[in-house]
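Some notes on the structure that comes next.
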Amino acid sequence: MASPNPIATEAFVAHRNLLFTVAYEMLGSAADAEDAVQETWLRWADVDLETVRDHRAYLVRIATRQALNRMRTLSRRKESYVGPWLPEPLLTAPDVAEDVELADSVSTAMLLVLETLPPVERAVFVLREVFDFGYDEIADAVEKKPATVRQIAHRARSHVAARRPRGDTTAAESRAALEAFQRAVTTGDVQGLLDILAPDVVYLADGGGIRRAATRPLVGADKVGRFLAAKKVALAMGKAEMEHAQVNGSPALIIRLDGEIDTVVSLRMDEGAVTGLYLLRNPEKMTHLAGEPAELLSR
């Protein structure tokens with residue numbers, strides 16, 4: 001087997017984090033994004049580089065198509081998934097949070113918004129709004145005409161704008177909300193949390209049918225507050241340790257029971273109030289939370 005072209009290898013390594021980020025924002029799954037990146041390399045290694053004008057654009061085109069292929073498989077898996085589906089969390093380094101646009105685009109709240117887009121619209125939105133690719137480049141990636149891509153981008157932009165979090169939320173506000181959650185489940189005192197929950201707050205828990213979790217969304221501050229007060233009993237049965245972390249570019253809370261990661265808590269805030277509370281408990285989605293923060297995300 002011939003050795004890879006060193007120029008091809010250098011270009012792939014230089015853009016690998018970008019390729020992962022594109023695939024992850026399209027899929028919401030780090031494991032599937034890694035697979036898409038690996039498939040990208042296999043195809044890139046066979047490309048005649050003499051015919052490639054822009055290595056970055058060509059690699060993103062391959063990665064986008066691989067991600068679109070995987071979205072079809074992922075869609076079938078979600079149809080049989082037990083309970084709510086949440087994106088796979090990534091432990092991220094501080095530099096991700098410093099890139100406000102990148103941090104916003106990979107937040108749990110935004111990834112859930114992107115889940116409401118059809119596959120091609122999601123790809124177009126990610127490539128245009130997050131990575132600022134030109135319409136001609138996006139057209140090559142999704143195999144559509146540039147004029148069609150413009151229409152898709154406009155439609156996706158309007159769709160996301162109507163559903164994305166409203167108002168700016170600081171890291172301090174997010175941490176304060178997580179601390180209120182922590183007090184609620186460790187002391188049973190939910191008043192501090194109720195004070196910042198929106199009346200129509202939505203609670204989603206993803207156990208994947210492996211760990212116990214609410215199989216339907218809970219809606220409403222009172223219902224969510226009572227449910228979390230009851231969680232104190234469950235936590236008391238194990239040696240719960242809670243640590244604040246940077247997950248998907250935003251403050252999050254990691255709960256360990258008997259030394260093992262049990263739950264990752266993240267939230268959505270709109271104009272200072274918590275409108276979404278997300279608990280990820282599926283152990284199969286926690287592989288990127290071990291060890292050091294992932295240095296995978298980039299633009």
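The values are calculated or read from the model by the stated rules, or taken from the named source; none is laboratory data. Predicted model only: the values in this text are computed from it and were never measured. Heads up, the Cβs are rebuilt from the backbone with ideal geometry, glycines too, and the neighbour counts pull from every protein chain shown. Surface areas here come from the heavy atoms of the whole protein model, side chains and all, with no ligands, DNA or RNA. Shrake-Rupley method; radii C 1.70, N 1.55, O 1.52, S 1.80 Å.
Please give the helices (runs of 4 or more DSSP H) falling wholly within segment 25-121 in which 3 or more residues are under 26 Å from His154 (Cβ atoms).
Numbers: elements: 30-44, 55-79, 94-98, 100-106, 108-114.
In segment 25-121, 55-79, 100-106, 108-114 are the helices (runs of 4 or more DSSP H) which contain 3 or more residues that are under 26 Å from His154 (Cβ atoms).
Evaluate segment 210-225: report whether one residue or more is modelled with pLDDT under 90, in a strand (DSSP E or B) and either of a type in the set (S, T, N, Q) or surrounded by 14 or more Cβ atoms within 10 Å (Cβ to Cβ) (or both).
no
Does Ala139 fit the bill of being free of Cβ contacts under 8 Å to residues at least 40 places away in the same chain and surrounded by 14 or more Cβ atoms within 10 Å (Cβ to Cβ)?
On the way: free of Cβ contacts under 8 Å to residues at least 40 places away in the same chain: yes; surrounded by 14 or more Cβ atoms within 10 Å (Cβ to Cβ): yes.
Yes: the conditions hold for Ala139.
Can Asp222 be described as touching a residue at least 60 places away in the same chain (Cβ under 8 Å) and of a type in the set (Asp, Glu)? Talk me through it step by step, then tell me what you get.
On the way: touching a residue at least 60 places away in the same chain (Cβ under 8 Å): no; of a type in the set (Asp, Glu): yes.
It is false that Asp222 is touching a residue at least 60 places away in the same chain (Cβ under 8 Å) and of a type in the set (Asp, Glu).
Any idea which residue in segment 227-248 is surrounded by the most Cβ atoms within 10 Å (Cβ to Cβ), counting only those that are outside any strand (DSSP E or B) and at pLDDT 85 or above? Can you show your working first?
Initially, segment 227-248 is screened for residues outside any strand (DSSP E or B), giving 227-239, 248.
Narrowing further to those that are at pLDDT 85 or above: 227, 248.
Working: Phe227: 16, Asn248: 26.
Restricting to residues being outside any strand (DSSP E or B) and at pLDDT 85 or above, the top hit is Asn248.
Of all residues being out of contact with any Lys or Arg (no Cβ under 6 Å at 6 or more places or on another chain) and part of a loop (DSSP other than H, G, I, E, B) in segment 166-188, which is surrounded by the most Cβ atoms within 10 Å (Cβ to Cβ)? Just the residue, please. Steps first, answer last, please.
Initially, segment 166-188 is screened for residues out of contact with any Lys or Arg (no Cβ under 6 Å at 6 or more places or on another chain), giving 166-184, 186-187.
With the extra rule that they be part of a loop (DSSP other than H, G, I, E, B), the set shrinks to 166-170.
On the way: Arg166: 13, Gly167: 9, Asp168: 11, Thr169: 23, Thr170: 11.
Checking each candidate, the answer is Thr169.
Is there a residue being touching a residue at least 24 places away in the same chain (Cβ under 8 Å), in contact with a strand residue (DSSP E or B) (Cβ under 8 Å, 6 or more places away or on another chain) and either of a type in the set (A, V, I, L, M, F, W, C) or open to solvent by less than 60 Å² (accessible area, probe 1.4 Å) (or both) anywhere in segment 66-83?
Checked against the condition, which is being touching a residue at least 24 places away in the same chain (Cβ under 8 Å), in contact with a strand residue (DSSP E or B) (Cβ under 8 Å, 6 or more places away or on another chain) and either of a type in the set (A, V, I, L, M, F, W, C) or open to solvent by less than 60 Å² (accessible area, probe 1.4 Å) (or both), segment 66-83 yields at least one hit.
Checking Phe133 against (1) open to solvent by less than 50 Å² (accessible area, probe 1.4 Å); (2) assigned to a helix (DSSP H, G or I); (3) at pLDDT 95 or above: exactly one of these is not met. Which one?
Here Phe133 clears every test but (2).
Which one of these does Arg256 not meet: (1) open to solvent by less than 50 Å² (accessible area, probe 1.4 Å); (2) assigned to a strand (DSSP E or B)?
The one condition Arg256 does not meet is (1).
For segment 89-103, how many residues are surrounded by fewer than 18 Cβ atoms within 10 Å (Cβ to Cβ) and out of contact with any strand residue (DSSP E or B) (no Cβ under 8 Å at 6 or more places or on another chain)?
So the answer is 5.
Across segment 156-186, what is the total count of residues that are closer than 20 Å to Ile254 by Cα, without any contact (Cβ under 8 Å) to a residue 40 or more places away in the chain and of a type in the set (A, V, I, L, M)?
3
Looking at segment 187-206, I want the residues that are farther than 20 Å from Arg281 by Cα and have a partner that is acidic (Asp, Glu) with Cβ atoms under 8 Å, at least 6 apart or on another chain. Which pairs are those?
What qualifies is Leu194/Asp222; Ala198/Asp270.
Quick one: Thr263 ticks every box in (1) modelled with pLDDT under 90; (2) part of a strand (DSSP E or B); (3) open to solvent by less than 40 Å² (accessible area, probe 1.4 Å) bar one, so which box is it?
Failed condition: (1).
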